[in-house]
Each structure stands twice: as C-alpha cells, then as structure tokens.
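Working notes, structure below.
The values are calculated or read from the model by the stated rules, or taken from the named source; none is laboratory data. Bear in mind the structure is a predicted one, so any value in this text is a computation, not a measurement. For neighbour counting, all protein chains shown are included, and Cβ atoms are generated from backbone atoms with ideal geometry for every residue, glycine included. Ligands, DNA and RNA are stripped out before the accessible areas are found, and what is left, the full protein with its side chains, is counted by its heavy atoms. Shrake-Rupley method; radii C 1.70, N 1.55, O 1.52, S 1.80 Å.
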Amino acid sequence: MIGWFPILYPDETFNSLCYRYAERMKYPCKTAFGRDLFGEEINRMAVDVPRRLAFFISHFPPGSPMTAVDIIQNHSFLPYYRPFLRAEIYAQMTDQIMGEHVKLNVLGALSKFRKHVPTYLSYCPVCVATDRQIYGETYWHRQHQLPGVHICAEHAVWLEKSRIYAKHRDFTQGPVTAEEAIQNIHLETRPIDASLFAQRLFCLSQNSSWILTHQPNLDAEGLFQKYCGALREKGYLSQRGMNQDKLPRDILDYYSHELLVFLGCGFLDQFQQHLRWVNRLTSHYHRARFSPLYHLLLIQFLGESASQLFTLPDERHPFGDGPWPCLNRTCTHYRQPIITDCQVYYIKNRPRAEFQCECGFAYRRWAVDRAEDSCYVYDRVVVYGKVWDEKFRELWNNGSISINAIKKSLGIANSNTLKYHAIRLGLSLEKDRNLLPVSPEFIPKESIDEVRQRRILVHRKWVLDMLRENPMLTRKQLAEKDISALVDLRKFDREWLDCIVPVTKPSSQVKINWLDRDESLSKMIPAVADVIRSEPGKPARITKTEIGRRIGAKPWFYNELCKTPMTKGALNESIESGDTFAIRRLLWARDYFIQQNETPSQSSFMRKAGVERRLYPGLNVLVNSLLAEIQKALEKEA
C-alpha cells in the first residue's frame, strides 16, 4: 500500500508524476521504485503511454482520487492517438495499458506513432514560470511532447529542448524531474514571428492540443470519411476518383519544402514531387497505422483547424445512402428499398459496388454522374437468382406468351440473351419460338462466389497462355493487355498471382535531365546547410553525407557528382571543414555554460565541445577568449 503520493498536475505526463515521486522518496536504487509502483523492475519509461496501471492503482488506499481512467484520459497520449486508430485496436491498447494479457502486443505497434515524437523532452519558458508561481515547481507537459509540436499552443512561444530523452527515458542517470532538469537553465522566451513558417507550426500545435484536450469520439475509419467529405468539398475527390497529382502539389505549396523537411515529412523522392504519405492517407481506407503527424498535416491543410474538420458530416456514400432497391422485375418487391448492405470496391480510384437482394438477384453499379433516379439503373447483372429463373421457366413453357412479351417481362434486351438463358436452364428451343440453335455456352450463375471462381479460372488460363507465348512478360505488360484480369487476380487470387508472376522492381533505366537536376540540387544545398547550422542543441557537422541524406540525394553525391557541376560547387561552399566545425562547437559550448551558470575549466570546456586540443592547436587563443567571455557573462549576471 502506498501511503503518500504526489498529486497530478494539469496535463502532466504520467512519467513526470513517477519521477517526482521517486525524487521525493529518495530511493537508494535507481530502478527500485519500479517494483513498488508496477511490480517489476523497470529500466525505462515511455512518455506517451503508461503500463501496468491496474497494479499501480491497486496499491492506493480505497477512496483515492487517482483512477486509471483519469490517468489514461488526462495524462497519456492515448486520447491523442485515438482518432488515428481502429476502434478494436484502441480497446486492446487500453487493456494492455491496464496490464491485462492480450494476444498481440498492440503497444509495440506504436512504433510508427512514435516516429515523430521529439527525441528530447521539451518545455515552454512561460509555462515553467507559471508552474513555479502556482505549484512551486514545474513538470513535463503532455502538449509539449506531441509529434510536430515546436511552439507552445497557449503562449505562442518556441519550445526549448532539455537534455532528457523523451523516447523511453533511460534510467542510467536515474529518473529526472522537470524541475531538476531546468533549475539551472536561464529561461529565455522566444516569441514566434509572423512568418509563414512559424504560423503554420503554431497552427499545427493548436490542432494537436485541441485533439488532446477535446478527445473526439472518432476512429480511423470515421476520420477517413471526414477526409473524403473535405476532399470532395475542395474539389480533389469526384465520382471519377481522387486527383492524386494536384493534391500533393497543393500541400507542398501550402507548407513549403523547408517546413516539411524540418518536420521529417518531406518527399520520398524530391524530383518526382511525390508525397507518398498523402496518397496513402487519401486514396482509400488503410488498416495500417500512420504517424499522427501525417494526419495533422492533412487535417490542417483541409480545414485549417481540427475542430472544423471533425465537425464536418461524414462522406456521402458513393452510391447514396441505403437501403437500395431490388431491381429484379420478377420479384414482388421490385424497385423497393430492401437491400441494406453493399460491397464497395475501387478500380483506378473509381468506386464500384455489388448489391444482392434476398431473392438472389445481384447487380453491379459504377459510380458516375447520373440523374436522381440512377439507383434504379444497374450496369451489369451478376446473379439472376432462383426467383428470376423460376419466372423465366414459367414464361418459357407457356406457349401462348410471345418472345417479345417474355423479353418485356424479364427486362431482356434481345433474343440472343433470351436464348442463352434457355440453354443455361436446360430448356428446349421450340421451333415456334423462332430461335436459331447455336452452340450452348454454359454460364453458371447461382451465386456471386461461383461466378467469381469461374472468372478467376478463366483469368488464370489467360495468364498461363500469355506466359507460354512470352515467359518474360511482367505484370505491367499483362495489365496493358487486360487490366480487368489483373485486377480480379490481384484482389481475389493474390497468392497464385504472386507465385506465377512475381512483382518486379521497376527498371532504373530512366532518362534523367541532369541539367534540371543539377540546378535543383544546387538551390537546395545552401538551404539545407542553413537548417543544419541553425538547429538547436549540440551542433551537427555539415557534411556531404548529411546534406545528401536530408534531401534524398546521397547516392548522386557519391556516384553522379561529375554530371552536376553546380551541385559540386554548392557542396564545396556549404560543407564545413574540421576547423570551422570545431569553432562552431566551441561557440555552442560557451553558450551552454552561460545558460547553466557554470564556470568550466579549460579541459571540461574542451570536453563538452568535443574538440581535442592536439588536433586543433591553433584554437588555443579562441578557447581562452571564450572562457574569458563566460567568466565575464557570469560576473555580469551576479
């Protein structure tokens, strides 16, 4: 039983609460408090979701105000993750957080969600001052640790990075509270400016904060419907499908390439101008999980604010709202809305659907712009059903009914179709029917599954015949000959298709305009170098490898640099020499010790900067000068 425990502050992360408890209790062992709180030794804690909450809550006395629901809803990232998860996955995560046994380690699947979680815990200088004034100490806020959040949504100031890891905080140095990590740092407020870069990031922080605090009751499938409604309203989605070329270009224009690279959400290939995550989020509903930051960027682009998009009505069904009518002319409920479910699928981003009535009649429709009564028109009959077949037999065996009357009653357009149905049902072709006998073609249409299996067999035979003629045919070449066959096989017989016609990598022999590529690269390199140079924290060296990695052009820098003279010149001007980088690290070390209000020795100063004196003997004068500046700055503050 835990007799005393700190109170939870508003929007405090759960690990911050545990750190404060460990600091108050002065545990002799750095990981011992894990046995008391969670029943096992822990070496690290995640900032986003807690674990073994049931054990944790059970050790509080009866009537304690601290509950598992309160911790999950108000002190973890799970409400922020909820709109981007399927409902069943969210329920399983809740169970696993409580410590219950589940078949799958769903919390381990959060790796994609943690892709853009900051490496170091962040804090807002204004929030720190407010916390100390109200509570006497500061703590780690949830909103400051969300993916893509670099600005405080409440005070519109830039967040500062601490030296405490956010992703699975390692306890090698022991749990560190926010007060302990920030107490010797000089708090300097940096308000955001009116630049588009800062305003877009500020809006992103506000949207993240809104989702975290309002906790919309929505899952990933419902969110996709919101996307479809917003995309249709903005003209990116129509009955003919998604405009996958215009949408990524407009998102790039809205955010700018520099901002997307800063957030780690840039192009997969800079020169294809293609944002892969945009197409995967909007083409159709994926059961796979994507980083919440991708969703936030799309939400902001579609609605400016999350509240606007989440209040949009769901996307209208491409074939209207059900129920849908039965179109079997022989049925008693003809044109009556009794079909409550339909199977929707997409071919080339165009929706199609299959409708099946309880009478056995099934039909297909393609979604195209039609009149209001388009629900009473089908494009193809899949199965006629027993009711239709019995009516056909009845009319056919009645010699007093003419052929035209039969066609009109059944909705058949020509005599050829009538003849095939008679053959299919095993009926005799009477002479007075005036129907010429032809070779019968057996078309079993008892169920959708049987029809589908027959089509798969036909497609298999066609693929094998084509490969027999040309064994080197690829899927693309087969699709050019018969796209419908490849679509059916990929959808309903993928295992066989993968075995017979494996997926081949696209040919790399593409003509490249090296002049255009050289010009584009030469313009990007200085901008990326400036981003690396201005990043907070310990400096990173501006090298050819680092620049190439960030703009996705690393192979070209090493293999094709002879074809890009302007790029080569831009690299030579941007990359840092060893001396230049050493000077930048020394300047950073000077600012660090001034913020820490600490006077270092020369050896500790060089060690912090990561500069070896024997490698840079010419910097001794600069080192002494910087140490004097530190001493002078500290004396001035004192």
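Among the residues of the stretch 41-52, is there at least one that is within 18 Å of TRP4 (Cβ to Cβ), in contact (Cβ under 8 Å) with a residue 60 or more places away in the chain and surrounded by 14 or more Cβ atoms within 10 Å (Cβ to Cβ)?
No, the stretch 41-52 has no match at all.
Please go through (1) open to solvent by less than 20 Å² (accessible area, probe 1.4 Å); (2) assigned to a helix (DSSP H, G or I) for SER162 and return the number of the only condition it doesn't satisfy.
Result: SER162 fails condition (2) only.
Output the qualifying pairs, or none if there are none: Cβ atoms under 9 angstrom, residues six or more apart or on different chains, first residue in the stretch 560-580 and over 20 Å from VAL531 (Cβ atoms), second residue among the basic types (Lys, Arg) and assigned to a loop (DSSP other than H, G, I, E, B).
Hits for this filter: GLY578/ARG541.
Taking THR172 as meeting all but one of (1) open to solvent by 50 Å² or more (accessible area, probe 1.4 Å); (2) among the β-branched types (Val, Ile, Thr); (3) at pLDDT 90 or above, write down the number of the exception.
Failing condition for THR172: (3).
For the stretch 53-82, what are the residues that are of a type outside the set (A, V, I, L, M, F, W, C), touching an Asp or Glu at 6+ places or on another chain (Cβ under 9 Å) and surrounded by fewer than 19 Cβ atoms within 10 Å (Cβ to Cβ)?
HIS59, ASN74 - these are the residues of the stretch 53-82 that are of a type outside the set (A, V, I, L, M, F, W, C), touching an Asp or Glu at 6+ places or on another chain (Cβ under 9 Å) and surrounded by fewer than 19 Cβ atoms within 10 Å (Cβ to Cβ).
Output the residue which, of all residues in the stretch 12-40 that are open to solvent by 30 Å² or more (accessible area, probe 1.4 Å) and charged (D, E, K, R), is modelled with the lowest pLDDT.
The extreme case among them is LYS30.
Filter the stretch 454-468 down to the residues that are open to solvent by less than 70 Å² (accessible area, probe 1.4 Å) and within 29 Å of GLU358 (Cβ to Cβ), then identify the one that is modelled with the lowest pLDDT.
ARG455
Would you check if VAL503 is open to solvent by 80 Å² or more (accessible area, probe 1.4 Å), at pLDDT below 85 and of a type in the set (Val, Ile, Thr)?
yes
Given the criteria at pLDDT 85 or above, within 22 Å of LYS568 (Cβ to Cβ) and surrounded by 14 or more Cβ atoms within 10 Å (Cβ to Cβ), does ILE532 qualify?
yes
With in a loop (DSSP other than H, G, I, E, B), surrounded by 16 or more Cβ atoms within 10 Å (Cβ to Cβ) and modelled with pLDDT under 90 as the only criterion, which of VAL611, VAL623 stands out?
VAL611
If a residue has to be modelled with pLDDT under 85 and closer than 21 Å to THR13 by Cα to count, how many in the stretch 72-90 make the cut?
Here the count works out to 1.
Let me confirm something: among VAL451, VAL438, which residue is more than 25 Å from ASN398 (Cβ to Cβ) and either in a loop (DSSP other than H, G, I, E, B) or modelled with pLDDT under 85 (or both)?
Result of the check over VAL451, VAL438: VAL451.
Can you tell me which residues in the stretch 535-559 are hydrophobic (A, V, I, L, M, F, W, C), open to solvent by less than 20 Å² (accessible area, probe 1.4 Å) and without any contact (Cβ under 8 Å) to a residue 40 or more places away in the chain?
Narrowing the stretch 535-559 to residues hydrophobic (A, V, I, L, M, F, W, C): 540, 542, 547, 551, 553, 556-557.
Next, only the ones that are open to solvent by less than 20 Å² (accessible area, probe 1.4 Å) stay: 542, 547, 551, 553, 557.
ILE542, ILE547, PHE557 - these are the residues of the stretch 535-559 that are hydrophobic (A, V, I, L, M, F, W, C), open to solvent by less than 20 Å² (accessible area, probe 1.4 Å) and without any contact (Cβ under 8 Å) to a residue 40 or more places away in the chain.
Would you confirm, using the coordinates I've provided, whether PRO471 is in a loop (DSSP other than H, G, I, E, B), closer than 30 Å to GLN453 by Cβ and open to solvent by 90 Å² or more (accessible area, probe 1.4 Å)?
Criteria met by PRO471.
Is it true that some residue in the stretch 580-590 is touching a Gly at 6+ places or on another chain (Cβ under 8 Å) and within 26 Å of LYS632 (Cβ to Cβ)?
yes
Of the residues in the stretch 128-141, how many are within 30 Å of VAL261 (Cβ to Cβ) and open to solvent by less than 10 Å² (accessible area, probe 1.4 Å)?
2
Of the residues ALA194, ALA181, ALA153, only one is among the aliphatic types (A, V, I, L, M), outside any helix (DSSP H, G or I), open to solvent by 20 Å² or more (accessible area, probe 1.4 Å) and touching a Ser or Thr at 6+ places or on another chain (Cβ under 6 Å); which?
The unique qualifying residue is ALA153.
Assuming HIS421 fulfils every condition listed in (1) at pLDDT 80 or above; (2) open to solvent by 70 Å² or more (accessible area, probe 1.4 Å) apart from one, which condition is it?
Every condition holds for HIS421 apart from (2).
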